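**Student:** My structure is below; once you've seen it, I'll send some questions.
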Amino acid sequence: MRACRVFEPKDEILTVKDFSRELLKYKKRAALDLTIVEESMKPIVLIDGTQYICELGEANLEETENPFQRAFGMVNVVNKRKVVKLQLNK
């Protein structure tokens, strides 16, 4: 079980449906057992039986998925890339 997961959405998230669509794309891309429990702009999902709450935020060096980018500081701060953070729902 991971306390936090982060991914970069492929398309912009402006609505609840956009958020759900990006979560389903992430599910397919990462081959996860992911179920959307509650659709919202802070959706709740189950991944492998563990409940997470999702938040849209800005990318930063510590949270980038790519270890190469993390190691060499290659996070584009000019474009303020958006990421989805999935944190354990306590």
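**Student:** Are any residues in region 50-90 among the polar types (S, T, N, Q), modelled with pLDDT under 85 and outside any helix (DSSP H, G or I), and if so, which ones?
**Tutor:** The answer is Asn60, Thr64, Asn66, Asn76, Asn79, Gln87, Asn89.
**Student:** Can you report the number of residues in region 12-49 which are in a strand (DSSP E or B) and either among the aliphatic types (A, V, I, L, M) or in contact with a Phe, Trp or Tyr (Cβ under 9 Å, 6 or more places away or on another chain) (or both)?
**Tutor:** Residues in region 12-49 being in a strand (DSSP E or B) and either among the aliphatic types (A, V, I, L, M) or in contact with a Phe, Trp or Tyr (Cβ under 9 Å, 6 or more places away or on another chain) (or both): 7 in total.
**Student:** Note down all Cβ pairs under 8 Å where the first residue falls in region 21-42 and is on the phi < 0 side of the Ramachandran plot, the second is exposed (fewer than 12 other Cβ atoms within 10 Å of the Cβ) and acidic (Asp, Glu), and they're at least six residues apart or on different chains.
**Tutor:** Arg21/Asp11; Glu22/Asp11; Leu32/Asp48; Asp33/Asp48
The values are calculated or read from the model by the stated rules, or taken from the named source; none is laboratory data. Model, not experiment: these values are computed from the prediction. Positions of Cβ are backbone-derived with ideal geometry, glycine not excepted, and every protein chain shown enters the neighbour counts.
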